[in-house]
Structure formats: C-alpha cells, structure tokens
Amino acid sequence: MSLETKIVCIGAGYVGGPTMTVIADKCPDVKVTVVDINQSRIDAWNSENLPIFEPGLDDVVKRARGRNLFFSTDIPAAIKEADIIFVSVNTPTKTFGHGAGKASDLQYWEKTARNILEIADEGKIIVEKSTLPVRTAAAMERILNSNDKGLHFEVLSNPEFLAEGTAINDLFEPDRVLIGSHQTESGLAACKKLVDIYAHWVPRDRILTTNLWSSELTKLTANAFLAQRISSINSISALCERTGADIDEVAYVMGKDRRIGSKFLKASIGFGGSCFKKDILNLVYLCGYYGLPEVAAYWESVVKINEWQTHRVVDRMLETMFNTIAGKKIAVFGFAFKANTGDTRESPANLVVRDLLAEHAEPVVTDPKAIPDAKRDLKDVLEKVKFEEDPYKAVEGAHAVVVCTEWKCFAELDWNRIYSVMTKPAFVFDGRNILDADALRRIGFEVTCIGKGKAE
C-alpha cells in the first residue's frame, strides 16, 4: 500500500478502537483515523486513560497515536479523505417494533451509510466491521449506490472474531481474518486492497476470502457455535450436581477427544458480553424470517439454557442458606462479564444481583475494573445495591460470597482473613470454579461450586 492510503473507522468502541490501533501499529505507511460522535469517548482515546480496558492496548496506542493513528470527532473530514471506511457502529438487539428482542437494530448503521453518501465526493471501499445480519450489505449497497453523483461504492464484510481480555493478542496473531466480497472484478479488486492491509503482519494463508453473504453469516454462526458449547456443558453441570459427578472431570475427558476439543467447555454461571446473546437472537430472527422455525427454536434454546443457568445461582443459595436470604448481605465478586475487561454488557452478574434483590437480599458488588459500568447497568435499583472496590471491605458481615467473574485476583485473596470477618456459617458460591474449594472448606466455609454436587 502506498503512503497515501487512508483508512477511517466510524465508531470508537470495543471493536473499532483496538482494531484500528493494531492496523496503525502494523502498517506505519497507512494513515488510520478513528471517528465517533461521542466527544468524551474521543477525548479519552486521546488521553492517558483510555475509554476501555484491554490488556496491552495502552502500549500499542502510545506507539501509534500521533504518528499514523488519530482520534477525532470530525467525521465529515475523515470521510472525505478516506480510501477505505470501516463501519463499526453499535447494532444492538431491537427493543421495539417488528422483531423486538431478536432482530438487530440497524438505525445507527443506516444513518452512517446515508452520512457517508451525503459527504463523499468520490467512490469508497466500505467495510462492514459491525456484526450484521446476512445480506445487510445488499441494503447498504442500495443506499450508497442509489446516488446522482455517479459514485460507486464497493461493500466488503470483514467481521471481527475478538475475545475481550485477549483482543490485542487476537489482533496480532489471529486464527483467521475473513473478508467477504462480491465475486466481480470490482469486488475482488476491493477485497485485494483489504487483504494487502492485513498481509502487513498476518500470514497469507490465514486471510480467508469468501463471497459477501458467507462472510456475514459466518460471524453469527461462529458465535452461535461457541455459545452452544457453553450452554451444552452448563446443562450437563446441573446433572453433575444431582448425580455426584464432577463437571471439570467430565469436561477434561471429553476435551481429550480431538473431534470435540477442550475449548469452551468450562462450566460457569453463564456467558455474557455484547456478542453471543445478540448474535444468536439475530440468527433466531433470520431463521424465522426465512421460514425455518425448527432451526430458530434450536438456537433460541441456547439462550434459554444460558439464562436458566444464571438464575440457578440464587436458587442454590436458597437451598443452601436455609431457604431464605432476605436481609442477608451477599458479596458479589465480579460484575464484568469476564475477566480482564471492564465490559458489563449482558453480564450474568446483572441477573444474579437482580435475583438477589428479588429475594430481599443486600448485595455488595466488588470488581477491579467494572464498578462504573455496574452502577450504570443497575441505575434503576441503585439505592438497593452497595459498591465496594476493596473486596475485604465488601465481605465484612456478609453471609455469603458469590463469584460471578473469574478475576485471578479473587483466587489470590487471603480467604482466612475473609472468613474471619464474615457472618457464620460463611458460604461461598463459586460461579466460575476458580477457587480451591477443599482449601476453603478446611478454613470453615460451606462451598458450593458449579457442576460439583454430592450423590444422595
């Protein structure tokens, strides 16, 4: 690529920010600009306190920012100069109208497409980076290419396969980069330009190209399959608790089968994050739309099992804590949906806290990174929930601890000290199976783990 290549990403969130940062770092001959309408978010990207927490991100931003990486709210100027425009805006699940609760809300995406068309004075390559329903590119093309300027826009699909907490490493050493395009001369030429960007650091055999529709559908399908594995192992964890089997042992042996593999077989209180539930529900909606109700029901069951698994946490508390937790202080360890991120979107901890409140318990939330977002997510019940950055203070006088996020720091706490300040009997509910249950029992705790029951 020439020194004149200019990439713009519209959307400075969890996908756009890290992705563009790594592209700038690996492609010093390319100018990369990330734009967003949110001034405070852009200010944070230009500061020492980035708007998202991701291990390794700070160092990469510092290397590239001001050299060939820029963050701005001047969207018109960025669009005008761009050769390639990545669209990484929010596509949440609809909360209203037709398809509410399942279909993607594409209003921000459509506004962005129309904004590009209004501002651009020459044809561009448009790259779908947001997770979108299959055949969304066709709608984008209709908007962009229905113009009286004589401009042609080529739309590519380049879905992200990042895992929060390891996103920077995922970008530096991806399993694969997927690019979908029309199999036309202009489509393949646009695809090659994007391939050349990634080829700065990604081995060519890991850059996979498909038609546009296969690329769009692959993103939804990949997340659905990963989530399905989690729901499958979680469903078996409930059976383990009833029979005396150990879910970790079952999963370990299953994972030794090369046809199955060991990834995503860790039982827990359920998956969260911005992608899994949203993408599965999107897939459910698409299956229904295309007249496949049986397929839709199959994938919807993955979400139902996940929510059921999360609700089981408080059910087990009630069973263990004398059938009532009313008025009892419960320390909630972790609110981020997973460790090494401050992201709380669709976090199982949100459901756990609300279930605790429904039983008139008194939850105290502690998390090393996610308390600000936790307060936002619980704003409707804020007066009923306490927040404490210090886990040792969070457990003072508590009847129980429930581990909702697999932060390593929780396993490294002084549990003797914790036991000494809790109300007795002191209960621990390990929703992530990260603690040494036997060691805790020797201290005096009554410990309940996911998928580890005692036979009657």
Original post:
Considering amide H positions built from the backbone, and no H for Pro or chain starts, which residues 5 or more places from PHE53, or on another chain, come under 5 Å of its amide H?
Top reply: GLY342
**OP:** Using a 1.4 angstrom probe on heavy atoms only, work out the carbon and sulfur share of the accessible area of segment 302-456 in %.
**Re:** 48
**OP:** Give me the accessible area per residue for the chain, probe 1.4 Å, as a whole number in Å².
**Re:** 45
Subject >> Extreme residue, positive dipole direction of the chain, given options ILE119, SER237, VAL428 (C-beta unit charges) >> reply: SER237
Subject >> Amide H contacts of GLY272 (H built 1.01 Å from N, under 5 Å, at least 5 apart or other chain) >> reply: none
Original post:
In the structure shown, do any of LYS129/LYS219; LYS329/LYS452; LYS111/LYS193; LYS129/LYS278; LYS266/LYS328 have a Cα-Cα gap over 21 Å, and if so which?
Top reply: LYS329/LYS452; LYS111/LYS193; LYS266/LYS328
Original post:
Which net charge results for the neighbourhood of PHE96, defined as the other residues with beta-carbon distances under 13 angstrom from its beta-carbon, given Lys and Arg at +1 and Asp and Glu at -1?
Top reply: +1
Original post:
So how far apart, in nm, are the two label points at VAL295 and ILE37 if each is 7 Å from Cα heading toward Cβ?
Top reply: 3.4
**OP:** Measure nothing but the geometry: give the 0 to 90° angle between the long axis through the Cα atoms of 136-145 and the longest principal axis through the Cα atoms of the chain, rounded to 10°.
**Re:** 30
Original post:
Between GLN183 and ASP58, what length comes free when the chain is fully extended (0.36 nm per residue of separation minus the Cα-Cα distance, one decimal in nm)?
Top reply: 41.1 nm
Original post:
Tell me, what is the percent relative contact order of the chain, built from C-alpha pairs under 8 Å that lie six or more residues apart?
Top reply: 12
**OP:** Give me the distance in nm between label points sitting 7 Å out from Cα along the Cα-to-Cβ direction at THR423 and ILE119, one decimal.
**Re:** 5.6
Original post:
So, by mean Cβ neighbours within 10 angstrom, what's the order for 9-17, 311-319, 298-306 with the highest one leading?
Top reply: 9-17, 298-306, 311-319
Subject >> Rg over Rh, two decimals, segment 189-297 (C-alpha only, Kirkwood Rh) >> reply: 1.09
Original post:
Of the accessible area of segment 8-142, with the probe set at 1.4 angstrom, what percent is carbon plus sulfur?
Top reply: 49
**OP:** May I ask you to list the trypsin sites (Lys or Arg not before Pro) in segment 87-183 that are in a DSSP loop and have at most 14 other Cβ atoms within 10 Å of their Cβ?
**Re:** ARG135, LYS149, ARG176
Subject >> For VAL365, residues with placed amide H under 5 Å, excluding near neighbours >> reply: VAL332, LYS386, PHE387, GLU388
Original post:
For the chain, what proportion of DSSP beta bridges, expressed in % and rounded to the nearest 5, is antiparallel?
Top reply: 10
Subject >> Backbone HN-Hα couplings from phi across segment 147-162 [Karplus 6.51/-1.76/1.60, Hz, Gly and Pro as x] >> reply: 10, 9, 8, x, 9, 10, 10, 9, 9, 10, 10, 9, x, 8, 10, 8
**OP:** Using the structure shown, select from LYS6/LYS369; LYS277/LYS375; LYS80/LYS102; LYS304/LYS424 the pairs with a Cα to Cα distance greater than 26 angstrom.
**Re:** LYS6/LYS369; LYS80/LYS102; LYS304/LYS424
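Net charge near ALA24, counting Lys/Arg +1 and Asp/Glu -1 over other residues with Cβ under 10 Å of its Cβ?
That works out to +4.
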Original post:
Counting only protein heavy atoms, what percent of the accessible surface of segment 161-247 is carbon or sulfur at a 1.4 Å probe?
Top reply: 55
Subject >> Whole-Hz ³J(HN,Hα) from phi, Karplus 6.51 cos²θ - 1.76 cosθ + 1.60, for segment 256-269, glycine and proline x >> reply: 6, 6, 4, 6, 9, x, 9, 6, 6, 10, 9, 5, 7, 7
**OP:** Return the whole-Å distance between the Cα centroid of segment 142-187 and the Cα centroid of segment 205-276.
**Re:** 26
Subject >> J(HN,Hα) series, segment 22-27, from Karplus relation 6.51 cos²θ - 1.76 cosθ + 1.60, nearest Hz, glycine and proline x >> reply: 6, 4, 4, 5, 8, 10
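The values are calculated or read from the model by the stated rules, or taken from the named source; none is laboratory data. Note that the structure is predicted; figures quoted are calculated from it, not measured. Every residue, glycine as well, gets a Cβ built from its backbone with ideal geometry; the counts of neighbours run over all protein chains shown. Quick note on the areas: whole protein, heavy atoms, side chains included, nothing else; ligands and nucleic acids left out. Shrake-Rupley method; radii C 1.70, N 1.55, O 1.52, S 1.80 Å.
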